[in-house]
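Report on the structure given below.
The values are calculated or read from the model by the stated rules, or taken from the named source; none is laboratory data. Just so it is clear, the model here is predicted, and its values are computed rather than measured. Please note: Cβ atoms are built from the backbone with ideal geometry, for glycine as well, and neighbour counts cover all protein chains shown.
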Amino acid sequence: MQERDAVRRVAVRCDCRAEDRLVRALERARIPRRYEHCDFENFETDVYDEDPLAANWNRSLAEARLLVQA
């Protein structure tokens, strides 16, 4: 417990709790081990710039990056 002021005391979670939460979230995601090294920097598709769907892929990738950063 940390004392925030003279009247009230508040419990504050330690930083290790956030680390545990991340580990549990990754375990629940059940991402196969073969994808553990993957991230947005090495993400590749077979879609080329001249492909009509390339704009959709690029927009989806940008939105996924924003979601993860939030």
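Is there a residue being surrounded by 10 or more Cβ atoms within 10 Å (Cβ to Cβ), basic (Lys, Arg) and in contact with a helix residue (DSSP H, G or I) (Cβ under 7 Å, 6 or more places away or on another chain) anywhere in segment 52-70?
yes
Being assigned to a helix (DSSP H, G or I), out of contact with any strand residue (DSSP E or B) (no Cβ under 6 Å at 6 or more places or on another chain) and modelled with pLDDT under 80 is true for just one of 28, 17, 24, 34. Which residue is that?
17
Can you find even one residue in segment 30-37 that is of a type outside the set (A, V, I, L, M) and surrounded by 10 or more Cβ atoms within 10 Å (Cβ to Cβ)?
no
Applying the selection to segment 42-70, what residues are under 13 Å from the mean Cα position of the chain (by Cα) and either in contact (Cβ under 8 Å) with a residue 40 or more places away in the chain or part of a loop (DSSP other than H, G, I, E, B) (or both)?
Answer for segment 42-70, where residues must be under 13 Å from the mean Cα position of the chain (by Cα) and either in contact (Cβ under 8 Å) with a residue 40 or more places away in the chain or part of a loop (DSSP other than H, G, I, E, B) (or both): just 70.
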